[in-house]
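In what follows, a single structure is set out as C-alpha cells and then discussed.
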Amino acid sequence: VQLQASGGGLVQAGGSLRLSCAAPGRTFSRYGMGWFRQAPGKEREFVAAINWSGGSTDFANSVKGRFTISRDNAKNTVYLQMNSLKPEDTAVYYCAAVEGGILLVTTTLYDYWGQGTQVTVSS
C-alpha cells in the first residue's frame, strides 16, 4: 500500500496542525495505522496508533492530552491532530500501516511507510 502524508509546516509554540495520511485503495480498513516521528540525530519514535475500526488508540506519553489520532475508512485517510505544539515536537512525521488492522506501537513491526512530512515548531 502507498501512503501519502501531508499537512506539515511551520507553526509557533502553542499552535496546532493536522496531519493527514492517505492510502488509496479499497482495503484501507484492513490496516492498523500509526504515526511516528524522527528528529535530527535521534531515532524514529512512536507517536500514536489506531486500530482498523478506530475503536482503539494509543499515544506516546510525550503527546498524551495534546494529540489525537483518528481515521476515516471511507476516505482511506488517517489523521493526527496536534494541539499545544512544543518546540520538542519538531521532527519529520511518518505514517505507517500494518497488516491485520491491529494497533501496534513498535516501529519495526509496521509493514508500509509513507514519505514523511516536516513539522517545525518555533519558540
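The values are calculated or read from the model by the stated rules, or taken from the named source; none is laboratory data. Small disclaimer: the values here were computed from a predicted structure and weren't measured. Please note: Cβ atoms are built from the backbone with ideal geometry, for glycine as well, and neighbour counts cover all protein chains shown. Accessible surface is based on the protein model in full, side chains and every heavy atom, while ligands, DNA and RNA are left aside. Shrake-Rupley method; radii C 1.70, N 1.55, O 1.52, S 1.80 Å.
Tell me whether the stretch 16-29 contains one or more residues that are part of a strand (DSSP E or B), in contact with a strand residue (DSSP E or B) (Cβ under 6 Å, 6 or more places away or on another chain) and exposed (fewer than 15 other Cβ atoms within 10 Å of the Cβ).
Yes.
Go through the stretch 30-60 and report how many residues are in contact (Cβ under 8 Å) with a residue 60 or more places away in the chain, open to solvent by 60 Å² or more (accessible area, probe 1.4 Å) and among the basic types (Lys, Arg).
Final tally of qualifying residues: 2.
Tally the residues that are closer than 20 Å to residue 83 by Cα, buried (at least 16 other Cβ atoms within 10 Å of the Cβ) and within 15 Å of the chain's Cα centre (by Cα), restricting the search to the stretch 1-15.
3
From 92, 98, 121, grab the single residue that is closer than 14 Å to residue 8 by Cα and over 12 Å from the mean Cα position of the chain (by Cα).
121
So, residue 32, is that one small (Gly, Ala, Ser), at pLDDT 95 or above and farther than 20 Å from residue 108 by Cβ or not?
no
I'd like the full set of residues that are touching a residue at least 12 places away in the same chain (Cβ under 8 Å), among the hydrophobic types (A, V, I, L, M, F, W, C), closer than 21 Å to residue 27 by Cα and surrounded by fewer than 21 Cβ atoms within 10 Å (Cβ to Cβ), limited to the stretch 85-123.
Listed by number, the residues that qualify are 102, 103, 104, 113.
What do you reckon, is residue 48 assigned to a strand (DSSP E or B), over 29 Å from residue 12 (Cβ atoms) and small (Gly, Ala, Ser)?
No: the conditions fail for residue 48.
Tell me, which residue of the stretch 61-75 that is buried (at least 19 other Cβ atoms within 10 Å of the Cβ) and within 21 Å of residue 24 (Cβ to Cβ) is farthest from the chain's Cα centre (by Cα)?
Here the residue is 71.
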